Structure formats: structure tokens, C-alpha cells
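The values are calculated or read from the model by the stated rules, or taken from the named source; none is laboratory data. Being a predicted model, the structure only gives us computed values, none of them experimental. Positions of Cβ are generated from backbone atoms using ideal geometry, with glycine treated the same way; all protein chains shown enter the neighbour counts.
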Amino acid sequence: MKVVLPDNSELELPAGASGLDAARAIGPKLAEQAVLVRVDGRVQDLRLPLADGDTIQLLTMRDREDPDALAVLRHSSAHLLAEAVTRLYPDVKLAIGPPIENGFYYDFDFVEPIREEDLDKIQAEVDRELAEGREWTRQEISRDEAREMFADDPYKLELVDTAEGDISLYTQGDFTDLCRGPHLQDSKPIKALKLTGVAGAYWRGDSNNPQLTRIYGTAFYSREDLEAHLEKLELARARDHRRLGPQLDLFHMSEYSPGSALWTAKGMAIYNALEDLRRRENARRGYSEVKTPLMWDVELWKRSGHWEKYGENLFRIEHGESTYGLKPMNCPGHMLLFNTQLRSYRDLPIRYAEAAVLHRDEPTGSLQGLTRARQFSQDDAHVFCTEDQIQQEIDGMFDYVDFLYDAFGVRELAHAELATRPDNKLGTDEQWDHTEGALRRALERIGLRYRVAEGEGAFYGPKIDFFMDDALGRPWQMGTIQLDGQQPERLGCTYMGSDNREHTPYVVHRALFGSLERFIGILLEHYGGDLPFWLAPVQVRVLPVGEAHLEAARDLAGRLGAFRVDIGEPTETIGKRIRAAELDKIPFTVVYGDRESEQSLAVRERGGEQSELSLAELLARLTPLLPSEV
């Protein structure tokens with residue numbers, strides 16, 4: 001048989017040859033360093049047979065930044081962790097151990113719970129395994145043989161009973177695990193492996209199942225890559241919005257309402273600045289501000305399709321003989337609002353906007369401060385339009401996105417993802433061909449870099465998701481534009497066309513901040529709390545040197561009334577209060593003492609730069625930081 005190499009040359013191999021055989025045929029050095037093979041774009045274990053005509057790409061240790069090469073390294077590292085744990089805790093039950101972004105984890109059912117302090121002991125055992133060296137061998141067995149082998153492990157038995165296709169095992173040393181693979185040939189490529197944390201996790205993510213102990217770790221092909229990763233983690237911890245929010249007194253979380261923020265006055269200053277921007281720009285772009293109920297009878301969610309596709313995320317309220325759901329999105333309500341009048345093609349497009357409070361029943365373990373919450377507000381909008389108006393409406397939304405990202409200084413960091421039809425889609429393939437094509441053409445016309453996420457669309461239509469890489473290079477999902485030809489039909493939305501016949505409008509869903517809470521969390525982490533001047537909750541702090549200067553300081557604050565100003569009361573030394581202003585991320589601090597006057601103010605900018613300015617010069621310095629369009 002023949003396989004095709006990346007340079008389009010052909011390699012002749014014996015029938016049934018594996019990826020490893022292909023590597024050996026090219027050269028012994030390649031075979032020694034190979035870690036994985038891509039077959040027609042799909043990853044495959046080196047040990048598995050190839051087929052005649054396959055296009056293959058062999059990945060080696062030199063491909064240390066390739067996501068697939070890292071994934072196989074980390075999957076094998078997860079098995080080393082499982083071996084170490086079973087040696088140290090013979091009564092433990094094993095669940096699963098997949099690679100994940102930036103690392104891996106393995107879930108265990110311990111007889112006695114372990115703590116973070118126990119990680120050092122487990123790490124030492126993993127290090128011993130690496131020093132000894134391990135090789136992985138693959139074996140396929142029957143389902144009955146697998147049941148007998150894992151008879152004492154309920155989690156593995158469940159995996160055997162629910163597995164599709166062949167049952168495969170991987171063995172390293174005297175440890176064998178149920179696994180589809182792929183895995184490394186041996187442990188030599190694992191140059192750096194570190195266990196990073198312990199957490200709880202429900203078996204298969206279901207809170208009705210037993211809670212397991214999840215041990216996290218990460219692994220790399222070089223020690224330098226691990227050190228760079230750990231340094232990045234340390235920076236991420238310092239920028240974590242869950243830390244910065246309480247530290248800067250912007251918001252707090254409470255166990256009495258998990259996934260919902262308690263906003264302080266400072267936090268609301270940021271929130272309201274975004275809300276003011278949203279309302280102002282929506283009005284300028286022809287959107288009508290509307291308001292719809294917080295909860296709806298579940299019959300509405302059934303009609304819209306959300307009950308079947310999204311019902312598990314609805315918070316439900318029983319009242320009398322009816323069941324209501326707190327709304328997780330605004331679209332069905334906006335469609336009912338559209339239906340309150342007879343509509344003509346001359347009325348379209350109709351653009352509804354609403355930043356209502358939404359609720360989604362996210363699992364407790366998945367909550368992440370503002371970025372994954374149960375209660376939040378989207379800058380939601382729905383545009384009802386004809387087929388001919390789709391492109392101009394989407395183009396207008398792209399223009400809106402460009403304006404927003406420019407206002408926040410992140411335009412160069414933006415990219416997109418086109419999410420296509422999922423398995424649980426509503427509608428026909430022909431309808432999806434049309435809506436996916438419209439979004440693809442919009443992306444290509446605007447020239448924004450994007451990738452295709454096959455099967456990741458909403459159940460009612462394809463979508464464009466916008467992402468921003470933050471200051472640490474981490475991608476964050478921001479806004480979304482979704483094209484819907486399904487819900488309007490299900491909810492009876494119609495307009496009278498120029499042909500005097502009824503037609504179903506298309507609806508373009510869009511949320512460009514995403515949720516205001518999530519957007520604030522992302523901004524806090526991107527800027528490390530040093531928000532742009534126009535967004536800072538306190539823009540100027542006036543520090544009277546002593547009590548004798550307090551009245552003059554208050555008068556100065558009044559003259560700066562166009563900005564958000566507070567006064568640092570003289571309860572501490574001036575040095576401590578200057579330091580506090582830096583810790584509070586205040587963009588400008590003005591010290592007022594005996595030598596200061598309207599003609600001479602001691603001004604400190606965030607970061608330490610100092611100058612002496614008159615009040616007029618200070619106003620001239622601050623005013624351009626509030627762009628007229630923002």
C-alpha cells in the first residue's frame with residue numbers, strides 16, 4: 001500500500017503497516033522521536049494500522065507547541081499520575097484522565113479524601129516513574145474480557161458498558177488502564193511534569209453522581225516551556241478578576257447566591273459606563289430599547305425549541321398548575337413583541353435591544369466569578385429583517401464591533417470563529433447552507449481572521465463568535481452574531497411582503513459585549529485592573545496633606561466635577577495614601593498641601609509619573625481621555 005506524505009510524495013509500505021512503521025521507513029531518527037500521526041487531518045496512535053491512500057503527517061518531539069503533540073504528551077502524563085496514585089493508595093477507584101487545554105487531570109474515588117499537601121508525595125512518585133522510564137503498549141480485548149478485568153472498578157465498568165466499538169487498553173510498567181489513546185511510545189519526551197491542584201468533580205459532570213477527587217497537572221516537552229507556563233500562571237493569578245474585584249472593592253460573591261455578583265458603587269461606575277455606551281450607540285444605530293418579562297410559561301420555551309435543547313439550564317418556578325422558567329435569553333420575548341402588530345416589509349428592519357437580567361442554571365463546579373455566572377445581563381439585540389437585508393444588517397454589526405474594540409484598544413487582538421450546524425439542529429440542511437453561507441461571506445468581506453468550529457452553532461442557526469487575546473495571550477469569547485431562520489417560524493413571526501403574501505422574517509441575534517459582567521471580568525484581567533481612564537471607577541483622587549487642606553481639596557474636587565473624583569481623607573500619612581491610590585489603580589492623584597494652589601498642583605499618574613500642573617492644564621490633560629464618541 002501507499003501513503004501520502006505532507007510534501008505530496010508517496011511512501012510504499014506493507015499492507016497493515018502502522019504510523020510507527022511509516023516513521024521507521026523514513027528513518028530511524030524519526031521513528032525514535034515520533035509521538036503521534038495525523039491521518040487525513042485526524043490524530044491517530046502510532047501503533048494503529050494505516051490504510052492505502054491515507055495522507056499522513058508524523059508529529060515528533062520537535063513539534064512541542066503543536067496542540068495535538070502536547071495533548072498526547074499530557075494524556076500519557078495523566079496515566080503516569082494514575083499509576084502513581086494506585087501505588088500510593090491501593091484502594092482507590094479510577095475514573096477518567098483526559099488531556100485538557102494547558103494540561104491534564106485524572107478523577108479518583110479515594111476511600112479517605114486527599115488534600116493539596118498530599119500532592120508532593122504523589123509528585124515524588126511520578127518523578128520516580130519518569131526516572132525509571134515507561135513504555136506504552138496497546139491491546140484490544142473483548143467487552144466480556146474488559147468486564148472481567150475491571151470487575152472491581154464501577155467507573156471503568158460503566159465506561160466499558162457505554163463504549164462504542166472496540167475496547168482498548170494501554171499498559172505502562174505493571175499498570176494497565178482502559179483507554180482509547182493515543183499515547184506516546186515511551187516517557188522519554190516528557191521532560192517536565194508538574195501536578196498543579198486538587199478539586200472536586202462529579203462523575204460525568206452530573207451532580208446526581210458521586211463526587212470524585214480531580215487532580216490537575218501539566219506537562220511539556222521542555223523544562224523551559226514548563227517554567228514559562230508557570231510564570232504565565234502566576235501572572236494570571238495576579239490578574240484574576242475574582243481576586244481584583246474584591247481587592248478593588250468592585251464586586252463581591254456570596255455563598256447565599258452562587259454565580260451572582262454583589263456590585264459596589266465603584267463596580268457600578270464601570271457597569272453604568274458600559275450601559276451608557278451601549279444605549280448611546282444603540283440609539284445612534286437605529287435600535288429601539290424594549291423590556292420583556294423575566295419569566296415565561298414553559299410552553300413558550302417549548303414552542304421556541306429551547307425546552308428540548310436547553311431545558312436543563314432553565315431555572316424553574318412552580319406556580320399553581322403552571323411551570324415557569326426564568327429567561328436565559330431574550331429572543332422568544334422579542335419575537336412575541338414583534339407579533340403584537342401586523343408588520344409590512346416597509347417596517348423592516350426592526351431592531352430591538354434589551355440588557356435584561358438573565359439566569360442560567362450552570363453547574364456549581366463550572367462557576368468562575370463574572371466570566372461564568374448564573375445571573376448576568378447581555379447587551380442583547382434582535383434584528384427582524386428580510387432575506388435581502390441580512391448582509392447590510394450583519395455589516396452594520398461588524399461596524400459596531402469594530403467601534404467597540406477600538407474604544408477598548410483591543411482591535412488588533414480580535415479574531416472570530418464561524419460555528420456551523422450542530423447535530424441537534426432545527427431545520428433542513430438546505431436552510432443551514434443558506435444561513436452559514438451568509439455569515440461566511442460577511443466574514444470574508446470584512447477581512448477578519450477566523451476559524452471554522454464544525455458543529456458548534458446554536459440549535460436554531462449558525463453564529464459568529466468574537467474572541468480577544470488578552471495581555472497574557474489567552475483567548476476570551478466576547479460577542480456573538482447569530483442568524484436564525486427557525487425560531488421566527490416556530491413562534492409565528494410574519495410580515496406582509498411586496499407581493500401581498502405573508503413571509504417569515506429572518507432574525508439576527510447579537511450581543512457584542514457578550515454579557516456586561518463577563519466583559520468587565522475580561523477587561524479587569526486584560527488590563528490587570530488598570531482600566532482605561534474613561535472606565536476607571538475613580539478617575540481622580542485628591543489627597544489633602546492635612547486637615548487644614550481638606551476644604552481646599554473639596555473645592556478642587558468640585559472643580560473636577562466632570563470626572564469621577566474622590567477625596568483621600570487625611571487619616572493616614574500622605575505617603576501611605578499615595579501608596580493606597582496606586583494599589584486602588586487610580587489613574588490620577590492630586591496632592592494638595594501648603595504649596596499647592598489652582599496655579600500649581602502636584603499630579604501623580606498611575607505608574608508613578610509626576611508633574612506640576614495648573615488646574616487649567618490638568619483639565620486639558622484629562623478631557624481628551626474622554627473621547628466624544630465614548
*Say we look at region 467-493 and pick out the residues that are assigned to a loop (DSSP other than H, G, I, E, B) and touching a Lys or Arg at 6+ places or on another chain (Cβ under 7 Å); which of these is modelled with the lowest pLDDT?*
LEU472
*Failed condition for THR623, given (1) loosely packed, with under 15 Cβ neighbours inside 10 Å; (2) of a type in the set (Val, Ile, Thr); (3) within 25 Å of PRO246 (Cβ to Cβ), with all others met?*
(3)
*From the list VAL545, VAL565, pick out the single residue that is in contact with a Gly (Cβ under 9 Å, 6 or more places away or on another chain), modelled with pLDDT of 95 or more and not assigned by TED's automatic domain parsing to the domain that holds TRP263.*
VAL565
*What strands (runs of 3 or more DSSP E), lying completely within region 1-47, carry at least 1 residues that are at negative phi, surrounded by fewer than 14 Cβ atoms within 10 Å (Cβ to Cβ) and aromatic (Phe, Trp, Tyr)?*
none
*Of the conditions (1) within 15 Å of ALA219 (Cβ to Cβ); (2) charged (D, E, K, R); (3) in contact (Cβ under 8 Å) with a residue 60 or more places away in the chain, GLU129 fails just one. Which one is it?*
(3)
*Would you mind telling me which numbered condition in (1) modelled with pLDDT of 90 or more; (2) surrounded by fewer than 16 Cβ atoms within 10 Å (Cβ to Cβ) HIS415 fails?*
(1)
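Assess whether LEU178 counts as being under 35 Å from the mean Cα position of the chain (by Cα) and surrounded by fewer than 17 Cβ atoms within 10 Å (Cβ to Cβ).
Considered against the rule, which asks whether it is under 35 Å from the mean Cα position of the chain (by Cα) and surrounded by fewer than 17 Cβ atoms within 10 Å (Cβ to Cβ), LEU178 comes out as no.
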*Return only the number of the condition from (1) part of a helix (DSSP H, G or I); (2) of a type outside the set (Asp, Glu); (3) more than 30 Å from GLY286 (Cα to Cα) that LEU336 does not satisfy.*
(3)
*Just checking, how many residues over region 502-554 are acidic (Asp, Glu) and part of a helix (DSSP H, G or I)?*
4
*Considering every residue within region 217-235, establish whether at least one is crowded, with 18+ Cβ neighbours inside 10 Å, among the basic types (Lys, Arg) and either in the same structural domain as TYR105 (by TED's automatic domain parsing) or within 20 Å of the chain's Cα centre (by Cα) (or both).*
no
*asked:* Would you confirm, using the coordinates I've provided, whether THR340 is of a type outside the set (Lys, Arg), in the same structural domain as TYR495 (by TED's automatic domain parsing), out of contact with any strand residue (DSSP E or B) (no Cβ under 9 Å at 6 or more places or on another chain) and free of Cβ contacts under 8 Å to residues at least 60 places away in the same chain?
replied: yes
_Anything in region 423-452 that is free of Cβ contacts under 8 Å to residues at least 40 places away in the same chain, surrounded by fewer than 17 Cβ atoms within 10 Å (Cβ to Cβ) and of a type outside the set (Val, Ile, Thr)? List them, or say none._
ASP423, ASP429, GLU430, ASP433, GLY437, ARG440, GLU444, GLY447, ARG449, ARG451
*Of the numbered conditions (1) in contact with a helix residue (DSSP H, G or I) (Cβ under 6 Å, 6 or more places away or on another chain); (2) surrounded by fewer than 18 Cβ atoms within 10 Å (Cβ to Cβ), TYR592 satisfies every one except a single condition; which is it?*
(2)
*Looking at ALA602, ALA557, ALA553, which is the one that is closer than 19 Å to ALA536 by Cβ and of a type in the set (A, V, I, L, M)?*
ALA557
*Hey, can you tell me all the residues within region 237-273 that are in contact (Cβ under 8 Å) with a residue 12 or more places away in the chain, in contact with a strand residue (DSSP E or B) (Cβ under 6 Å, 6 or more places away or on another chain) and of a type outside the set (Phe, Trp, Tyr)?*
GLY245, HIS252, SER260, ALA261, GLY267
*Is it the case that region 446-466 has a residue that's assigned to a loop (DSSP other than H, G, I, E, B) and touching a Lys or Arg at 6+ places or on another chain (Cβ under 6 Å)?*
yes
*Odd one out for THR386 among (1) in contact (Cβ under 8 Å) with a residue 60 or more places away in the chain; (2) under 29 Å from ASN272 (Cβ atoms)*: (2)
*Among (1) within 23 Å of the chain's Cα centre (by Cα); (2) over 18 Å from HIS359 (Cα atoms), where does TYR310 come up short?*
(2)
